[in-house]
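The values are calculated or read from the model by the stated rules, or taken from the named source; none is laboratory data. Note that the coordinates shown come from a computational prediction; the quantities given were computed from them, not determined experimentally. Here Cβ is always computed from backbone atoms with ideal geometry, including for glycine, and neighbour counts include all displayed protein chains.
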Amino acid sequence: VQLQAFGGGLVQAGGSLRLSCTASGRSFSSYSMGWFRQAPGKQQEFVARIRRYNAETTYANSVKGRFTISRDNAKNTVSLQMNNLQPEDTAVYYCAADDGDTYFYRDSRQYPYWGQGTQVTVSS
């Protein structure tokens, strides 16, 4: 599966952005999808995941209540709605696909497929 992420940009603190990631290739509904981010000088970190089939969602504590992950299998798209953005949310955001249903979904190594990343910058 090939992934392409888009929707990043520059926003003031308290603002919102919506990231999307489109997939091509094998059946999108058979993939669990994740979003990760990497800030300058920091390790990549888990942001959110939506499971295949039942669309169960999980979030990092740092974004819970502010970010919402969703998927539209008919459009082969996973989205990340980000509200009340803060400067610490500044990072390159990546979508990733897992063709299984890994228990270790917070570990980026469990995802074989990655999009190219989209920059999110939040100014204070």
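Taking strands (runs of 3 or more DSSP E) that do not extend beyond the stretch 42-119, which have at least 1 residues that are without any contact (Cβ under 8 Å) to a residue 60 or more places away in the chain, on the phi < 0 side of the Ramachandran plot and loosely packed, with under 14 Cβ neighbours inside 10 Å?
Of the strands (runs of 3 or more DSSP E) lying wholly inside the stretch 42-119, those with at least 1 residues that are without any contact (Cβ under 8 Å) to a residue 60 or more places away in the chain, on the phi < 0 side of the Ramachandran plot and loosely packed, with under 14 Cβ neighbours inside 10 Å span 67-72.
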Is it true that some residue in the stretch 15-30 is in contact with a helix residue (DSSP H, G or I) (Cβ under 8 Å, 6 or more places away or on another chain), buried (at least 20 other Cβ atoms within 10 Å of the Cβ) and not aliphatic (A, V, I, L, M)? yes
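Table: residues versus (1) closer than 28 Å to Ser123 by Cβ; (2) among the small types (Gly, Ala, Ser); (3) at pLDDT 95 or above.
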{"site": "Ala5", "(1), (2), (3)": "yes, yes, yes"}
{"site": "Arg37", "(1), (2), (3)": "yes, no, yes"}
{"site": "Gln43", "(1), (2), (3)": "yes, no, yes"}
{"site": "Lys64", "(1), (2), (3)": "yes, no, yes"}
{"site": "Asn76", "(1), (2), (3)": "no, no, yes"}
Step by step: first the residues of the stretch 32-41, then only those that are hydrophobic (A, V, I, L, M, F, W, C) and crowded, with 19+ Cβ neighbours inside 10 Å, then the one that is farthest from Thr22 (Cα to Cα). Which residue is that? Phe36
In the stretch 1-41, what count of residues is obtained for those that are over 12 Å from Leu80 (Cα atoms) and either over 14 Å from the mean Cα position of the chain (by Cα) or not in a strand (DSSP E or B) (or both)? 20
